[in-house]
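The values are calculated or read from the model by the stated rules, or taken from the named source; none is laboratory data. From a predicted model like this one, the values you see are computed outputs, not experimental measurements. Here the Cβ positions follow ideal geometry from the backbone for every residue, glycine too, while neighbour counts run over all protein chains shown. Each accessible area value is taken on the protein alone, full model and side chains, heavy atoms only, with ligands, DNA and RNA left out. Shrake-Rupley method; radii C 1.70, N 1.55, O 1.52, S 1.80 Å.
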Amino acid sequence: MTSSKQALARSAPSADAAPGSQPGAARRAHGRGTPPPGPGSWRSRMYRWDMKASPYALIAPFFIFFGAFGLVPLLYTAWYSLHNVQLSNLDQQTWVGLDNYKNLLSSEFFWNALQNTFTIGVISTVPQLVMALGIAHLLNYKLRGSTLWRVVMLTPYATSVAAATLVFVLLYSWDGGMINWLLGFIGVDPVNWRESTWGSQFAVSSIVIWRWTGYNALIYLAAMQAIPADLYESAALDGAGRWQQFRHVTIPMLRPTILFTVVVSTIGATQLFGEPLLFGGVSGSKGGSDHDYQTLGLYMYDQGWIIGNLGKASAIAWTMFLILLIVAAVNLLITRRLRKSQ
């Protein structure tokens, strides 16, 4: 009698279970996120398709927009660089092969633009990153209103390129500019910033330095805050001061970040366009009357949209792209060596 009651108790559903619910392991097996029963049912097939296709559907918009606005124009520009194409008559294209590249390499204006791009890049990048590193080092210590200072650092980056450049045009004006007024105040003759080679390049570089120093400072600050505090404590116990800690702890730990900012700044300097264009005014696309600060970006714009030679402008664009590939390759080589040295 007792054994029969125990059998009935094992076969009966639990009193706490809801009517129609699946008991035991069957209920646990059919949990959330598992396919419905019946491998041949349409719900099971839809579930498998959903699990396989959903990730691709989610990332598809990026690749669609990248292909439409990035890859297709890039390939079309490569096709243009091998043709003689005029802006006034886009339907008439003449195959010239590599003649646009040959003419480019034999043009003194191209080499002048390349030299100006390199010079402005060095003048703007080196002081910018040095100042950003110093500012980040100061902000890394506890200061009053540190959040306010970080917002102030980002203000130039958030400012429009056109607005910032027009303000600097007024500052570097020949008559009534504040820079020449300060030079006259200390007894130095005024400088024609738009017509002198070094003066115009320094003026354009100062705009770049003003806009990007705070941005790079915040990148360095984020990297500094990721450095373990134990390293500084160990250095302090060994008698190292703040300057020695900065040299022997902070700088070595920031090498990958510094390399990253150098590469990004180099890419930005190679593509420099808005600041010199607006600084030059009417002759902005020429980089001044004597092409004193005409960068590769300005040279491409001048050939493509002012002169109307889209074939040569496309060749300039692809030359800039190859330069950036070289920069990326050098970055990869240096990164690998740093990893091996560590």
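Miscellaneous remarks
- Screening the candidates TRP95, TRP111, TRP79 for the property of being within 30 Å of LYS312 (Cβ to Cβ), loosely packed, with under 12 Cβ neighbours inside 10 Å and modelled with pLDDT of 90 or more yields one hit, TRP95.
- Screening TYR215, TYR220, TYR293 for residues that are aromatic (Phe, Trp, Tyr), in contact with a Gly (Cβ under 8 Å, 6 or more places away or on another chain), on the phi < 0 side of the Ramachandran plot and touching a residue at least 40 places away in the same chain (Cβ under 8 Å) leaves exactly one candidate, TYR293.
- LYS102 meets the conditions (1) surrounded by 12 or more Cβ atoms within 10 Å (Cβ to Cβ); (2) touching a residue at least 12 places away in the same chain (Cβ under 8 Å); (3) not hydroxyl-bearing (Ser, Thr, Tyr) in every case but one. The failed one is (2).
- For segment 255-290, the set of residues classified as over 19 Å from ARG211 (Cβ atoms) and either open to solvent by 40 Å² or more (accessible area, probe 1.4 Å) or in a helix (DSSP H, G or I) (or both) consists of ARG255, PRO256, THR257, ILE258, LEU259, GLY281, VAL282, SER283, LYS286, SER289, ASP290, listed by residue number.
- Residue in segment 218-226 that is closer than 18 Å to GLN201 by Cα, modelled with pLDDT of 85 or more and open to solvent by less than 40 Å² (accessible area, probe 1.4 Å) present: no
- In segment 46-64, the residues that are exposed (fewer than 11 other Cβ atoms within 10 Å of the Cβ) and of a type outside the set (Ser, Thr, Tyr): TRP49, LYS52, PRO55, ALA57, LEU58, ILE59, PRO61, PHE62, ILE64
- Residue in segment 235-244 that is part of a helix (DSSP H, G or I), open to solvent by less than 20 Å² (accessible area, probe 1.4 Å) and under 14 Å from LEU133 (Cβ atoms) present: no
- ILE251 passes every criterion in (1) part of a helix (DSSP H, G or I); (2) under 30 Å from ASP99 (Cβ atoms); (3) open to solvent by 30 Å² or more (accessible area, probe 1.4 Å) apart from (2).
- Screening ALA132 against (1) open to solvent by 50 Å² or more (accessible area, probe 1.4 Å); (2) in a helix (DSSP H, G or I) leaves a single unmet condition, (1).
- Enumeration of residues in segment 162-200 that are over 22 Å from THR295 (Cβ atoms) and of a type in the set (D, E, K, R): ASP175, ASP189
- Members of segment 301-333 that are β-branched (Val, Ile, Thr) and open to solvent by 70 Å² or more (accessible area, probe 1.4 Å): ILE306, ILE307, ILE326, VAL330
- Sole residue being more than 23 Å from the chain's Cα centre (by Cα), part of a helix (DSSP H, G or I) and not aromatic (Phe, Trp, Tyr), chosen from ILE306, ILE323, ILE334: ILE306
- Cross-chain or 6+ apart pairs with Cβ under 8 Å, segment 156-171 first and under 9 Å from GLY274 (Cβ atoms), then open to solvent by 30 Å² or more (accessible area, probe 1.4 Å) and part of a helix (DSSP H, G or I): VAL161/LEU278; ALA162/LEU278; THR165/LEU278
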